[in-house]
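This report concerns only the one structure given below.
The values are calculated or read from the model by the stated rules, or taken from the named source; none is laboratory data. In this text the structure is predicted, and so the values were computed from the model without any measurement. FYI the Cβ positions are ideal-geometry reconstructions off the backbone, even for glycines, and counts take in every protein chain you see.
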Amino acid sequence: MEDTNDTDDYSAMQIQVLSSVEAVRKRPGMYVGDTRGDGLYHLLWEVIGNVIDLHLRRDATELHVDITEDSWVTIRDDGPGIPVCPVTTGESVLECVLTKLHAGATYDGHYPHVHICPGLVGVGLVVVNALSRRLEVETTVDGTRWAMRFERGVPTSPLRRLGPTSIDGTLIRFQPDPSIFESTELDVERVRARLQQLAWLNPFLGIWFQERTLKARGGVRRWAESLAASRGDVLARYSTCQNRDGVYVDLALAWTNGDDLDVRCFVNANETRSGTHVAGMWRGLARVARTLGAPDRPAENARKVLGRGLVAIVHVGLFGPQFASPTRDHLASPIAGTAVAGVLASDLPEALARDVGLGTFVRDRLGIALRA
């Protein structure tokens with residue numbers, strides 16, 4: 001019988017084991033998406049996501065973002081810093097989180113920064129480091145400043161102790177790698193618009209962009225009012241922020257004297273097009289319409305009458321959100337709709353009783369519907 005043990009057969013010698021940095025650079029699209037477009041911005045959102053997480057844990061109150069004409073991005077916070085103590089491999093925690101996939105910590109049972117990275121589950125700073133031509137980091141731990149440099153994910157300097165400092169937090173400065181991305185030029189206005197969203201949605205986090213603070217006082221209530229005011233006279237307003245059945249609900253409604261409807265909805269601070277959270281808003285308004293004596297079809301009245309001239313911002317936060325498509329622009333989690341509807345149904349009637357102007361406006365709108 002002929003020997004079939006050919007040396008060209010698949011064998012253990014053909015197995016290739018890549019380091020984390022090599023894996024990311026070999027298949028960048030698996031980690032950041034399209035390297036010809038949105039993937040470039042994912043580097044920015046990845047670092048900002050860490051700061052948002054620190055803020056949600058009440059460990060950071062400031063976020064500074066600056067972009068230069070030669071595509072250097074600097075992100076600074078006032079958080080507790082990245083630990084520099086050694087891990088079991090002998091590397092510092094700082095080097096580990098910048099060179100090893102899935103080495104970052106999670107907090108409160110959720111993945112890193114699911115809050116602003118919808119399609120990609122926050123694989124960590126190693127992706128930013130690996131896809132940057134150069135990255136520099138400075139961090140303060142227990143009053144001492146430390147620094148380290150990398151090029152294309154590889155350390156080019158050891159962890160250096162800079163000495164005692166009064167500066168808090170972490171500074172990460174990076175330049176995207178032009179050999180990975182078709183263009184490394186970031187659209188400043190696009191970044192500004194996204195940071196402004198994050199400022200409204202996180203009003204207790206001070207956000208600076210290009211050394212100018214972004215307005216956020218009043219949160220989504222003020223945001224809805226400003227959007228409504230740009231369309232005409234603001235006739236009535238309502239807002240609430242509650243946790244209900246494990247879902248964070250931040251909701252603002254403002255009505256103008258126009259006819260256009262503008263609903264902006266978010267899941268974990270990421271903008272969506274539609275979903276159960278928006279459906280929950282309409283169900284909640286329908287329940288309120290029913291309690292106020294609307295006819296047999298209160299849902300239709302809620303959309304047709306209370307939806308006229310309405311500017312609504314619906315923001316829900318929940319663990320493990322489910323979406324109806326890979327683009328994650330339609331929320332499918334039933335619990336979100338139930339929470340939003342329940343919050344409106346229980347809180348809005350009380351608000352109508354407290355706020356005479358709001359109560360009169362809503363009743364007049366429903367009264368018009370009853371006579372139509």
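Among the residues of region 242-261, what is the count of those that are part of a strand (DSSP E or B) and under 21 Å from the mean Cα position of the chain (by Cα)? Outline the logic, then answer.
Filtering region 242-261 down to residues part of a strand (DSSP E or B) leaves 242-244, 247-256.
From the residues that got through so far, the ones that are under 21 Å from the mean Cα position of the chain (by Cα) too are 242-244, 247-252.
Qualifying residue count, region 242-261: 9.
Any idea which of TRP208, TRP200 is closer than 30 Å to ASP66 by Cβ, surrounded by fewer than 20 Cβ atoms within 10 Å (Cβ to Cβ) and not assigned by TED's automatic domain parsing to the domain that holds GLY357? Outline the logic, then answer.
Values: TRP200 fails: surrounded by fewer than 20 Cβ atoms within 10 Å (Cβ to Cβ).
TRP208 is the lone residue from the list that is closer than 30 Å to ASP66 by Cβ, surrounded by fewer than 20 Cβ atoms within 10 Å (Cβ to Cβ) and not assigned by TED's automatic domain parsing to the domain that holds GLY357.
Restricting attention to region 211-225, and to residues there that are of a type in the set (A, V, I, L, M) and assigned to a helix (DSSP H, G or I), which single residue is surrounded by the fewest Cβ atoms within 10 Å (Cβ to Cβ)?
Let us first name the residues in region 211-225 that are of a type in the set (A, V, I, L, M), namely 214, 216, 220, 224.
If we keep only those that are assigned to a helix (DSSP H, G or I) too, we end up with 220, 224.
Values: VAL220: 24, ALA224: 27.
Only one residue fits best here, namely VAL220.
State whether one or more residues within region 271-279 are at pLDDT 95 or above and of a type in the set (A, V, I, L, M).
Checking region 271-279: at least one residue is at pLDDT 95 or above and of a type in the set (A, V, I, L, M).
Being modelled with pLDDT of 95 or more, touching a Lys or Arg at 6+ places or on another chain (Cβ under 6 Å) and not in a strand (DSSP E or B), is that true of even one residue in region 146-153?
No: region 146-153 contains no residue that is modelled with pLDDT of 95 or more, touching a Lys or Arg at 6+ places or on another chain (Cβ under 6 Å) and not in a strand (DSSP E or B).
For region 295-311, does any single residue satisfy the condition of being in contact (Cβ under 8 Å) with a residue 24 or more places away in the chain and under 22 Å from the mean Cα position of the chain (by Cα)? Break it down into steps so the answer makes sense when it comes.
To start, the set of residues in region 295-311 that are in contact (Cβ under 8 Å) with a residue 24 or more places away in the chain comprises 295, 301, 304-311.
Among the residues that remain, those that are also under 22 Å from the mean Cα position of the chain (by Cα) are: 311.
Yes, some residue in region 295-311 is in contact (Cβ under 8 Å) with a residue 24 or more places away in the chain and under 22 Å from the mean Cα position of the chain (by Cα).
Of all residues in region 50-69, which are more than 16 Å from GLN175 (Cα to Cα) and either among the charged types (D, E, K, R) or buried (at least 22 other Cβ atoms within 10 Å of the Cβ) (or both)? Break it down stepwise before answering.
Within region 50-69, the first condition is being more than 16 Å from GLN175 (Cα to Cα), and the residues that meet it are 50-64.
If the condition is that a residue be more than 16 Å from GLN175 (Cα to Cα) and either among the charged types (D, E, K, R) or buried (at least 22 other Cβ atoms within 10 Å of the Cβ) (or both), then ASN50, VAL51, ILE52, ASP53, LEU54, HIS55, ARG57, ARG58, ASP59, ALA60, GLU62, LEU63 are the ones that fit.
Among (1) in contact (Cβ under 8 Å) with a residue 60 or more places away in the chain; (2) under 18 Å from ALA351 (Cα atoms); (3) out of contact with any helix residue (DSSP H, G or I) (no Cβ under 8 Å at 6 or more places or on another chain), there is one condition GLY206 misses while meeting the rest; what is its number?
With respect to (1) in contact (Cβ under 8 Å) with a residue 60 or more places away in the chain; (2) under 18 Å from ALA351 (Cα atoms); (3) out of contact with any helix residue (DSSP H, G or I) (no Cβ under 8 Å at 6 or more places or on another chain), GLY206 is out only on (2).
Considering only region 150-164, state which residues are farther than 20 Å from ASP66 by Cβ and either exposed (fewer than 12 other Cβ atoms within 10 Å of the Cβ) or free of Cβ contacts under 8 Å to residues at least 60 places away in the same chain (or both). I'd like the intermediate steps shown before the answer.
Keep residues of region 150-164 that are farther than 20 Å from ASP66 by Cβ, which gives 151-164.
The answer is GLU151, THR156, SER157, PRO158, ARG160, ARG161, LEU162, GLY163, PRO164.
Just to be sure I understand, how many residues within region 322-372 are within 29 Å of the chain's Cα centre (by Cα) and in a loop (DSSP other than H, G, I, E, B)? Before the answer, list the steps.
Going residue by residue through region 322-372, those that are within 29 Å of the chain's Cα centre (by Cα) are 322-348.
Those still in the list that are in a loop (DSSP other than H, G, I, E, B) too: 322, 324-329, 332-333.
Qualifying residue count for the region: 9.
Residues in region 34-49 that are out of contact with any strand residue (DSSP E or B) (no Cβ under 8 Å at 6 or more places or on another chain) and either of a type outside the set (Ser, Thr, Tyr) or not in a helix (DSSP H, G or I) (or both): how many?
Pass one, region 34-49, residues out of contact with any strand residue (DSSP E or B) (no Cβ under 8 Å at 6 or more places or on another chain): 34-39, 41-42, 45-46, 49.
Filter once more, keeping what is either of a type outside the set (Ser, Thr, Tyr) or not in a helix (DSSP H, G or I) (or both): 34-39, 42, 45-46, 49.
Total satisfying the criteria: 10.
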